[in-house]
Structure formats: C-alpha cells, structure tokens
Amino acid sequence: MKKWLIRLLKIVLGVGSVLVLALAILGWLTRPSDPDAFYTQSEALPGLPGKLLKTEPFTRQVPDNARGWRILYTTTRIDGKVAPASAIVLAPKVSSGLPSDVVAWTHGTTGVAPGCAPSLLAEPFANVPALREAIAEGWVIVATDYIGLGTPGPHPYLIGEGQARSALDSLRALREMKEVSVSDKTVVWGHSQGGHAAMWTGIVAPAYAPEQAIYGVAAAAPATDLMALFKRAETDVVGRILSSYIVTAYSGIYPDVSFDEYVRPGARFLAGDIAKRCMAGPKALFAVGESLLLGGSIFAMDAVAGNLGKRMIENTPTPPMAAPLFIAQGETDELVHPEIQNGFVEGLCKEGRDLAYTTYAGRDHLTLVAGDSPLVGDLVNWTKERFEGKPPAERCVRGQR
C-alpha cells in the first residue's frame, strides 16, 4: 500500500476516534445528575400512602412573594406497593391568618429518568401558568414530581393512575406539614403530560383519596387521545423523543408491553439513551441530536397496535369525573394538535359531560401557558369561582380567545 495512503488512513481514523470520544464525553456530560440524598429514605417506609417523610426549605427560582419547601412522601405504585415520591410546596410569604386553598400542579414532560424531576432542574417552575398570581391570591401550591422522577422508577409517563396517585398523595402529605395551614379545598392544574395527569387526578380521586375535596380540574393542552397524538407525532423530532419515553415507561410498568418488540433494532440503542435524558434546558439538545440521527419512527410495528395500543386506550382520560373540568387549547399547537383535541372534547360533549373548553388564537403548546397568555387570567378567575363554590357550566361550553 502506498505510504501516502497509509498516512491518510491514519489521519482519518484519528479524527474519527477523536470525534467518537468527544461525542461520548458530551453524551456523558448531558446526562442528568443523580438525585441527592434528600430523595432517599433510609428508614422503613410507613405502610400507608400520603405520609410526609421529609421537609426542607427550597429557594431555587421561588417567586419573591412566596416561600418554598421540597417534601418527600409516600405514594402507591401501580402494583400496589408503597414507595416514596417528591414534590415542591409554595406558600404566600405573607399569610392572611386563615387556611389557604390549594392548587395541585401536575407538570408537563421533563423526561422519565430520576434526574428529570422538576425539583432537581434549573427551572423547577417552567410552564407553570399564573404562578405569581396564584400566590398573590393566597393559595398554596403543591407540585408533585411524580413517582420515578427524583425517586426510583419506573416513572408512569402518561399512565393515568400512577400520575394521579402521586398528585393525590402530595395533597395528603401537604396537610401533614406544620409550616403551612391549608383548607380542604383543592383545584388541580396541569399542562401537557400534566394536563393528562390533572384529568386522571380528578377521575381517580373519589376512589383513591375520597377525603381530598377536588373542586375543579384545569387542563392546558392535555394529552388526551393518546393513540391519535402519538400516531400524528411519531415521525417528528420531538415525537421520537416522546415515543422513546412512552415505550420505556409502558414496558417498565406493564409486563405485556415489550420494548424490544416495539422498537426497531436499529433504533433501540438511541431510543434507550434518549429515555435516560431530560427534555429540559440546554442538555435536551443532545436528545434532539439523537432523534435527528434516528429519522422516521422508532417503531418496528404499528405504534398503537397490540398491547401498547390497548394500554394507551386504558390511559386515555375518558372515564367520568365528578369535579368541574376546564380544558384550554392553543389553536397553533403543533404537539397536541387542535383538531385531535377538538375531536376528543366533542366526544365528551356527545356523552353529556359538563365541561368548559376554550381555544386560544395564535397560541402554541408553550405560549399557551406563557405569562402574557390570556389563559392566565381565565385560569385564575375560573379557579376563584370554584373555591367560592359558584356553580360551573351545566353543559358543554366552548369559547374562543
């Protein structure tokens, strides 16, 4: 072989090795940090869900009109076992002297790995609409991380009962705190994944936590018709990330769903690696890069066929809900598509459900919950009416802003 060709091959191989090494280091650096010792319970867990285990002050990005804590408490896994979960609690800095009404916040997608808990992230209150406004109203906010985020997994991503139990048990634990005084009134707010979780919290509360008085559920851009949403998004960059999350979560919780059966062989490594990363902050760009490398769909078969599809149907929030329901939807949302949401709401209305549905012109998935969104005022006013005991809409009401 010619000497110049040998030298060229050495250079190419050297550059390739450096590139691989650099990507490996970048991949390692962009993984979420392991949760700190707060999220580990060294003593035996109480046998009941909703028991407060730990409390400590929390200050990261807490509004200046509030004081905060993070808490560790018990909840129930899908298999019925008691396990720890974590949450953030915010209370007005200046107390009225009366017990505060409660907003339970269920957050949107941050990932499915333990290090992706909002209480661990640089921006723990990202996409919480009306945060300062809620505190100004004198309300206490309890924001669950959900089980498996912060605490050991698996995290029940878009699994209704699992998310709802974490939210309801955070309410039980909140009412054991000595640092705050709260009433028995709760309204649940959620966005995206959290909108799905908020609806399921309202659905399962009467059976799982009948002592928790849920006065209303407000869901912004909720993930509702899961099968339709995932079929629509599975070939998008973000859709591949969400597909990695859902197949990881469902296969980790449901024995009849197999990761290897659903994910094509060439996508398994990257899909598995994406599921170890968070969809939050600059580090999310590495997962975006992996998704771009994947191309197409991660699935080897129809994503909504077989047991995965059956489980998605089980976790679509269609069962009856006793609490008043408010659904908000951005008309330019490219993730939770308006036409899919419109169809879902129309189906509930045909069943005779009582709900309020408002669509917001020019608002996409994130700007719907931005500080300048008209949803902020609507959400606060709707919540005040629920706490005041005013009757909600007695029919399926649709509005546009």
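For residues in region 258-285 being surrounded by fewer than 21 Cβ atoms within 10 Å (Cβ to Cβ) and under 19 Å from LEU226 (Cβ atoms), which is nearest to the chain's Cα centre (by Cα)? The residue in question is MET279. Restricting the search to region 304-342, which residues are under 30 Å from ASP260 (Cβ atoms) and among the acidic types (Asp, Glu)? GLU314, the sole residue that qualifies.
Among the residues making up region 333-351, those that are loosely packed, with under 15 Cβ neighbours inside 10 Å and without any contact (Cβ under 8 Å) to a residue 40 or more places away in the chain are GLU334, GLU339, GLU346, GLY347, LYS350, GLU351. Checking each residue in region 182-228 for being within 15 Å of LEU348 (Cβ to Cβ) and either acidic (Asp, Glu) or surrounded by fewer than 20 Cβ atoms within 10 Å (Cβ to Cβ) (or both) picks out ASP225, ALA228. Residues in region 329-350 that are hydroxyl-bearing (Ser, Thr, Tyr) and either farther than 10 Å from ARG363 by Cβ or modelled with pLDDT under 95 (or both): none. So, in region 78-113, exactly how many residues are crowded, with 24+ Cβ neighbours inside 10 Å, more than 18 Å from PRO63 (Cβ to Cβ) and not β-branched (Val, Ile, Thr)? Adding up the residues that qualify gives 4. Only a single criterion out of (1) at pLDDT 95 or above; (2) more than 25 Å from PRO374 (Cβ to Cβ); (3) surrounded by fewer than 24 Cβ atoms within 10 Å (Cβ to Cβ) is not satisfied by ALA117, namely (3). Does ALA126 meet the test of being of a type outside the set (Asp, Glu), surrounded by fewer than 23 Cβ atoms within 10 Å (Cβ to Cβ), modelled with pLDDT of 95 or more and out of contact with any Cys (no Cβ under 8 Å at 6 or more places or on another chain)? Considered against the rule, which asks whether it is of a type outside the set (Asp, Glu), surrounded by fewer than 23 Cβ atoms within 10 Å (Cβ to Cβ), modelled with pLDDT of 95 or more and out of contact with any Cys (no Cβ under 8 Å at 6 or more places or on another chain), ALA126 comes out as no. Residues that are farther than 21 Å from PRO154 by Cβ and in contact with a Gly (Cβ under 8 Å, 6 or more places away or on another chain) within region 273-296 comprise just one, PHE286. Please enumerate the residues belonging to region 152-168 that are in contact with a Pro (Cβ under 8 Å, 6 or more places away or on another chain) and surrounded by fewer than 24 Cβ atoms within 10 Å (Cβ to Cβ). Once the filter is applied, which keeps residues that are in contact with a Pro (Cβ under 8 Å, 6 or more places away or on another chain) and surrounded by fewer than 24 Cβ atoms within 10 Å (Cβ to Cβ), region 152-168 yields PRO152, GLY153, GLY160. If you go through region 96-109 and keep only what is closer than 17 Å to PHE387 by Cβ and either of a type in the set (Ser, Thr, Tyr) or outside any loop (DSSP other than H, G, I, E, B) (or both), you end up with SER96, SER100, ASP101, VAL102, VAL103, ALA104, TRP105. Within region 342-356, if we keep just the residues that are more than 21 Å from the chain's Cα centre (by Cα) and not charged (D, E, K, R), the residue that is nearest to ALA280 (Cα to Cα) turns out to be ASN342.
Note on region 352-401: among residues that are hydroxyl-bearing (Ser, Thr, Tyr) and surrounded by fewer than 20 Cβ atoms within 10 Å (Cβ to Cβ), the one that is nearest to THR106 (Cα to Cα) is THR367. Does ASP256 meet the test of being without any contact (Cβ under 8 Å) to a residue 60 or more places away in the chain and out of contact with any helix residue (DSSP H, G or I) (no Cβ under 6 Å at 6 or more places or on another chain)? When the stated conditions are applied, ASP256 does not pass them.
Only residues that are in contact (Cβ under 8 Å) with a residue 24 or more places away in the chain, under 24 Å from GLY150 (Cα atoms) and either out of contact with any strand residue (DSSP E or B) (no Cβ under 9 Å at 6 or more places or on another chain) or charged (D, E, K, R) (or both) were counted in region 259-273, giving 2.
Any idea how many residues of region 213-229 are among the aliphatic types (A, V, I, L, M) and in a strand (DSSP E or B)? Total meeting the criteria: 6.
Scanning region 179-200 for residues that are in a strand (DSSP E or B), closer than 25 Å to GLY371 by Cα and hydrophobic (A, V, I, L, M, F, W, C) yields a count of 3.
The values are calculated or read from the model by the stated rules, or taken from the named source; none is laboratory data. The shown structure was predicted, so the numbers you read here are calculated from the model rather than taken from an experiment. Neighbour counts are summed over all protein chains in view; Cβ atoms, including those assigned to glycine, are modelled from backbone coordinates with ideal geometry.
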